[in-house]
Amino acid sequence: MPGTHAFGTTFSWNSVVIAGLTAINGIELSVDTIDVTTHQSANYYKEILPGLIDPGEVSIEGQFEFTDVSGQQAMLSDLNSRTARTGVITFPAATGSTWTFQGYITNLKIGDAPIDDKIPFSATIKPTGKPVFAVATSTGLSALVISNSAVLAPAFAASTIDYVASVLTGIASVTITPTASAGPACPPGSPRSDPRPGADD
C-alpha cells in the first residue's frame, strides 16, 4: 500500500490552528530503562526493567505571520505565562488520525531577517502526561463509484449495503471506489490488511 502524503497536516494550540507552518515534527515516544544487572546475571548480559515513558518534544517551523494573533502570538503569551494548553496534530483527512496532548512551550523563536528570504517562526512544545493517538472510525460511506461505465443498482445511499453491478460486455474487471464519511473506508468483501502482528496469518 502506498504511503500517505503529509501535505495538509495541521497543528493547533488551544483549539486554534497555527498559521504559516511548513514542518510539524510529531510525537516520539521512548521508554527509559533501569539497569538491574547483578553479579549473578547470566551469560555476562545486562538485565533491565522498563522505566518511565518519555513523550519527547513536538517542534513546529514555518513563517512568521504577524496577523496570527490567536495563534503564533498567543503561543508567545503562553510561554511567558508558563501556561499548559492542548496541542493537536491533525493528519490529512484521508487518514482520520490525530495526536492530542497537553504541553508547555519550552522554546519559541520569531526572528532572523535574511536579506532575501522570509522571516521564520519556530516553537518547541514539551508534552506533559500521556499523549493520545486516535484514528477516526468511519460511520459509513458518502459516495460509491464504479469504473468502466458499470451501473450500480439501486442508486447509492448511505443506508444501503447490498448492490448489483451491471457491467458492459467485454469488460474484464471494474474498480469500486468508496468515500468514507470519516476516516478510511474498506467496503465489505474487499481486500484489507489488519495492522496487528499476526492478524493476517
The residue from Val69, Val58, Val17, Val31 that alone is of a type in the set (Val, Ile, Thr), under 30 Å from Thr179 (Cβ atoms) and within 26 Å of the chain's Cα centre (by Cα) is Val17
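Is there a residue in region 134-143 that is part of a strand (DSSP E or B), modelled with pLDDT of 90 or more and either more than 30 Å from the chain's Cα centre (by Cα) or loosely packed, with under 15 Cβ neighbours inside 10 Å (or both)? Quick ask: steps written out before the conclusion?
Here is the first cut: in region 134-143, the residues part of a strand (DSSP E or B) are 134-135, 141-143.
Those still in the list that are modelled with pLDDT of 90 or more too: 134-135.
If we keep only those that are either more than 30 Å from the chain's Cα centre (by Cα) or loosely packed, with under 15 Cβ neighbours inside 10 Å (or both) as well, we get 134-135.
Yes: region 134-143 contains one or more residues that are part of a strand (DSSP E or B), modelled with pLDDT of 90 or more and either more than 30 Å from the chain's Cα centre (by Cα) or loosely packed, with under 15 Cβ neighbours inside 10 Å (or both).
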Reported set for region 166-178 where residues are hydrophobic (A, V, I, L, M, F, W, C) and surrounded by 12 or more Cβ atoms within 10 Å (Cβ to Cβ) is Val167, Val174, Ile176
Going through (1) surrounded by 12 or more Cβ atoms within 10 Å (Cβ to Cβ); (2) in contact with a Gly (Cβ under 8 Å, 6 or more places away or on another chain) one by one, Glu57 fails only at (2)
Checked region 22-80 for anything free of Cβ contacts under 8 Å to residues at least 60 places away in the same chain and among the acidic types (Asp, Glu); matches are Glu28, Asp32, Asp35, Glu47, Asp54, Glu65, Asp68
* To do: Examine region 107-125 for a residue that is within 30 Å of Pro2 (Cβ to Cβ) and part of a strand (DSSP E or B), and state whether such a residue exists.
  => no
- request: Tell me, please, whether a residue that is in the same structural domain as Thr106 (by TED's automatic domain parsing) and either more than 21 Å from Ala123 (Cβ to Cβ) or of a type in the set (Lys, Arg) (or both) can be found in region 64-74.
  value: no
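Considering only region 148-164, state which residues are surrounded by 12 or more Cβ atoms within 10 Å (Cβ to Cβ) and either touching a residue at least 24 places away in the same chain (Cβ under 8 Å) or not assigned by TED's automatic domain parsing to the domain that holds Ile176 (or both).
Going through region 148-164, the residues surrounded by 12 or more Cβ atoms within 10 Å (Cβ to Cβ) turn out to be 148, 150-152, 156, 158, 160, 163.
The answer is Asn148, Ala150.
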When every residue in region 79-110 that is out of contact with any Phe, Trp or Tyr (no Cβ under 8 Å at 6 or more places or on another chain), more than 17 Å from Trp13 (Cα to Cα) and surrounded by fewer than 18 Cβ atoms within 10 Å (Cβ to Cβ) is compared, the one modelled with the lowest pLDDT is Ala94
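The values are calculated or read from the model by the stated rules, or taken from the named source; none is laboratory data. None of the values given here were measured: they were computed from a predicted structure. Note: ideal-geometry Cβ built from the backbone for every residue, glycine included; neighbour counts use all protein chains shown.
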